[in-house]
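Below is one structure, written out as structure tokens; the observations come after it.
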Amino acid sequence: MKMQSSLMPQLQQKLKLSPQIIQSIEILQLPLLALVEHIQQEMVDNPVLEEVVDEKKDENLKEGDEAVQAEKGDEIDKLGDIAEDWREFYSQTTVRRNAGSEERDQKQEALENTAAKPMSLHDYLMGQLSLVDAPANLTEACENIIYSIDKSGYLASPLEEILQSLEKPILLEEIKEALRLVQALEPPGVGARNLQECLMLQLDKRDQNYQLTKELLLNHLEDIEMKKYPLIAKKTGYSLEVVKRQVEFIRTLNPKPGSLFCDETIPYVVPEVKVEYIDGKYEVFLIDNTNLPHLHISSFYKKFLNESGTDTSTRQYIQKKIESAKWLIDAIEQRRSTLYKVACKIVELQKDFLDEGIHRLRTLKMQDVADIVKVHVSTVSRAIAHKYIQTPQGIFEIKFFFTGGFQNVDGSMESWEAIRQKLAEIVAKENKANPLSDEEVAEQLHASGIAIARRTVTKYRRIMKIPSSRQRKEY
């Protein structure tokens, strides 16, 4: 049997999204700051797009000020002259731009708009090391030790490994001396190899209670974690009050000295929706007007397109740019409309939360809002992605209002966030001398109509970083 290849035409149907729909989807899911950046880039790429100037900014202009009015008239005349000059320049299309100067301007602009990098822990330590009169043979070892410190401030590599990485070999005792030099730097506790050493480095030997604190850290750190204060008092011979006082002092020490230097940038949150209580009801407003440019299509290009002297290629280019501008403006308006409709329904469904707080947050699915607004659930998901809402209860990410839950004993639905809030309230009101166990917390929740298992209480308590009953006990 002979095998050969051949070409055969075939007709088939495929579902393919148009560029306009793809653009609408992308703009719908962009947060406000990213959308502003996208619009600004589109204004650079598309010359027919112009920003509408807010007329309210000109309210301070006095009608009787002839000098200001004359200056404004001169500016309009200048703009007309510039338009005529541009028309002549565009028709010739022979003048070349200076690409080198444009590139330099873009680089300079990028540098000026780049945020300064915050000082890292390593930079801070290296700056201090340059001021320390360290022996010349230990300088390299100190630098290697500094760059082996992790973001929490602990030494991440054993001294033996650091010793092997040095270009100039030194003795083990010398690298230990280099470590002591680094540990003497700020912040206190940096360069420690474990928690015990970190806390010890933060103690002041001149303190009258130094010996007791040292003994507690060296021999009773686990007992302190489990709050076995009577046992510690019995072993050390000190009174319970003295032990409690020193334990409270130990709690003021920083277990992660490197956390003072954060390399991560803090996100800048800009709410896009605002909820206000007006005349007995909640009103929803979009607050993107101050940040989002208002676009329209340049009348100059419309006029230029209709002129009889415009050549075919220029006409096609301008027509294509005008269509692209219309798609962008429609996509932005559709984004605002969808976000407003979704926000209104969320506020309507979560009215109890706005009135009373998180314990009244109801269970809500995106499909429920999608059915009411009559859009696909994926549209709701994209519309609320990375967007925030300002409410009388605070600023929240919009997806916060979509939460699951379970059915109570009386048949009503309870959200997980509301349960966590009630759990925290029960723990806050407990007798600290005899704190509640997870089983007892579950029983109190069950008494209030929330049937929840003990293991679920333990899970939520750990998520909320609430200590166990033994660790919450106070003597």
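The values are calculated or read from the model by the stated rules, or taken from the named source; none is laboratory data. All of these numbers come straight from a predicted model, not from anything done at the bench. Backbone-built Cβ (ideal geometry, glycine too); neighbour counts: all protein chains shown. Each accessible area value is taken on the protein alone, full model and side chains, heavy atoms only, with ligands, DNA and RNA left out. Shrake-Rupley method; radii C 1.70, N 1.55, O 1.52, S 1.80 Å.
Taking the range 338-374 only, how many residues are within 13 Å of PHE402 (Cβ to Cβ), among the aliphatic types (A, V, I, L, M) and open to solvent by less than 10 Å² (accessible area, probe 1.4 Å)? Step through it out loud before you land on a result.
First pass over the range 338-374, keeping only residues within 13 Å of PHE402 (Cβ to Cβ): 342-343, 345-346, 349-350, 353, 361-370.
This time we only want the ones that are among the aliphatic types (A, V, I, L, M), so: 342-343, 346, 349, 361, 364, 366, 369-370.
Subsequent filtering for residues that are open to solvent by less than 10 Å² (accessible area, probe 1.4 Å) retains 342-343, 346, 361, 364, 369-370.
Qualifying residue count for the region: 7.
Would you say LEU17 is more than 24 Å from TYR301 (Cα to Cα), open to solvent by less than 100 Å² (accessible area, probe 1.4 Å) and modelled with pLDDT under 80? Before the answer, list the steps.
On the way: more than 24 Å from TYR301 (Cα to Cα): yes; open to solvent by less than 100 Å² (accessible area, probe 1.4 Å): yes; modelled with pLDDT under 80: yes.
The answer is yes for LEU17.
Could you run through the range 189-217 and say how many residues are surrounded by 19 or more Cβ atoms within 10 Å (Cβ to Cβ), more than 30 Å from ALA136 (Cβ to Cβ) and under 34 Å from the mean Cα position of the chain (by Cα)?
So the count comes out to 1.
If you go through the range 257-265 one residue at a time, do you hit one that is among the charged types (D, E, K, R), modelled with pLDDT under 90 and within 32 Å of the chain's Cα centre (by Cα)? Don't jump to the end; show me each part of the working.
Applying the first criterion (among the charged types (D, E, K, R)) to the range 257-265 yields 263-264.
In the following step, the residues that additionally are modelled with pLDDT under 90 were identified as 263-264.
From what's left, within 32 Å of the chain's Cα centre (by Cα): 263-264.
Yes, there is a match, as at least one residue in the range 257-265 is among the charged types (D, E, K, R), modelled with pLDDT under 90 and within 32 Å of the chain's Cα centre (by Cα).
Pairs under 8 Å by beta carbon, first residue in contact (Cβ under 8 Å) with a residue 12 or more places away in the chain and assigned to a strand (DSSP E or B) in the range 172-198, partner polar (S, T, N, Q) and surrounded by fewer than 20 Cβ atoms within 10 Å (Cβ to Cβ), six or more apart or different chains?
ALA192/GLN183
With the condition kept exactly as written, say whether any residue in the range 439-451 is surrounded by 15 or more Cβ atoms within 10 Å (Cβ to Cβ) and within 30 Å of VAL273 (Cα to Cα).
Within the range 439-451, none of the residues are surrounded by 15 or more Cβ atoms within 10 Å (Cβ to Cβ) and within 30 Å of VAL273 (Cα to Cα).
Scan (1) crowded, with 18+ Cβ neighbours inside 10 Å; (2) assigned to a helix (DSSP H, G or I); (3) under 33 Å from the mean Cα position of the chain (by Cα) for the single condition VAL275 breaks and write down its number.
It fails just one condition, (2).
Across the range 382-405, what is the total count of residues that are among the small types (Gly, Ala, Ser) and touching a residue at least 60 places away in the same chain (Cβ under 8 Å)? Please lay out each step first, then the result.
So in the range 382-405, the residues among the small types (Gly, Ala, Ser) come out as 383, 385, 394, 404-405.
Filter once more, so that each one left must be touching a residue at least 60 places away in the same chain (Cβ under 8 Å): 383, 385.
Count: 2.
Among the residues of the range 452-467, how many are free of Cβ contacts under 8 Å to residues at least 24 places away in the same chain and open to solvent by 20 Å² or more (accessible area, probe 1.4 Å)?
Taking the range 452-467 as the starting set, the residues that turn out to be free of Cβ contacts under 8 Å to residues at least 24 places away in the same chain are 453-456, 458-459, 462, 465, 467.
Now restrict to residues that are open to solvent by 20 Å² or more (accessible area, probe 1.4 Å): 453-456, 459, 462, 465, 467.
Number satisfying all stated conditions: 8.
It is to be established whether one or more residues within the range 176-188 are open to solvent by 40 Å² or more (accessible area, probe 1.4 Å) and closer than 26 Å to HIS220 by Cβ. Talk me through it step by step, then tell me what you get.
Looking only at the range 176-188, we keep the residues that are open to solvent by 40 Å² or more (accessible area, probe 1.4 Å), and these are 176-177, 180-181, 184, 186, 188.
Those still in the list that are closer than 26 Å to HIS220 by Cβ too: 180, 188.
Yes, that holds for at least one residue.
Looking at the range 125-171, which of its residues are among the hydrophobic types (A, V, I, L, M, F, W, C), under 24 Å from GLN202 (Cβ atoms) and part of a helix (DSSP H, G or I)? Reasoning before the result, please.
Applying the first criterion (among the hydrophobic types (A, V, I, L, M, F, W, C)) to the range 125-171 yields 125-126, 129, 131-132, 134, 136, 138, 141-142, 145-146, 149, 155-156, 159, 162-163, 166, 170-171.
Now restrict to residues that are under 24 Å from GLN202 (Cβ atoms): 125-126, 129, 131-132, 134, 138, 141-142, 145-146, 149, 155-156, 159, 162.
Hits for the range 125-171 are LEU125, MET126, LEU129, LEU138, ALA141, CYS142, ILE145, ILE146, LEU159, ILE162.
Being modelled with pLDDT of 55 or more and of a type in the set (A, V, I, L, M), is that true of even one residue in the range 54-68? Working first, answer last.
First, the residues of the range 54-68 that are modelled with pLDDT of 55 or more: 54.
Among the residues that remain, those that are also of a type in the set (A, V, I, L, M) are: none.
No - not one qualifying residue is present in the range 54-68.
Since VAL284 meets every condition but one in (1) in contact with a strand residue (DSSP E or B) (Cβ under 8 Å, 6 or more places away or on another chain); (2) open to solvent by 30 Å² or more (accessible area, probe 1.4 Å), which condition does it not meet?
(2)
Of the residues that make up the range 238-253, is at least one farther than 30 Å from LEU30 by Cα, surrounded by 17 or more Cβ atoms within 10 Å (Cβ to Cβ), within 29 Å of the chain's Cα centre (by Cα) and at pLDDT 90 or above?
Scanning the range 238-253, I find at least one residue that is farther than 30 Å from LEU30 by Cα, surrounded by 17 or more Cβ atoms within 10 Å (Cβ to Cβ), within 29 Å of the chain's Cα centre (by Cα) and at pLDDT 90 or above, so the answer is yes.
Please work out which residue is nearest to ALA136 (Cα to Cα), limiting yourself to the range 158-175 and to residues that are among the charged types (D, E, K, R) and open to solvent by 60 Å² or more (accessible area, probe 1.4 Å).
Going residue by residue through the range 158-175, those that are among the charged types (D, E, K, R) are 160-161, 167-168, 173-174.
After this cut, where a residue has to be open to solvent by 60 Å² or more (accessible area, probe 1.4 Å) as well, the list is 160-161, 167-168, 173.
Working: GLU160: 20, GLU161: 21, GLU167: 14, LYS168: 11, GLU173: 15 Å.
Top of the filtered list is LYS168.
For the subset of the range 409-431 comprising residues that are modelled with pLDDT of 85 or more and assigned to a loop (DSSP other than H, G, I, E, B), which member is most open to solvent (accessible area, probe 1.4 Å)?
The selected residue is ASN431.
I need the full set of residues from the range 439-466 which are over 13 Å from TRP416 (Cα atoms), outside any helix (DSSP H, G or I) and not basic (Lys, Arg), in order please.
Across the range 439-466, the qualifying residues are SER448, GLY449, ALA453, ILE466.
Under 7 Å between Cβ atoms, which residue pairs at least 6 apart in sequence (or on different chains) link something in the range 308-330 that is closer than 29 Å to GLU26 by Cα and open to solvent by less than 80 Å² (accessible area, probe 1.4 Å) with a partner that is in a helix (DSSP H, G or I) and among the basic types (Lys, Arg)?
Hits for this filter: zero, empty list.
Consider GLN41 carefully, then state whether it is open to solvent by less than 80 Å² (accessible area, probe 1.4 Å), modelled with pLDDT of 85 or more, under 29 Å from the mean Cα position of the chain (by Cα) and polar (S, T, N, Q).
no
Okay, residues lined up against (1) more than 30 Å from LYS432 (Cβ to Cβ); (2) not in a helix (DSSP H, G or I):
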| residue | (1), (2) |
| --- | --- |
| LEU212 | no, no |
| GLU215 | no, no |
| VAL270 | yes, yes |
| LYS320 | yes, no |
| GLU323 | yes, no |
| LYS326 | yes, no |
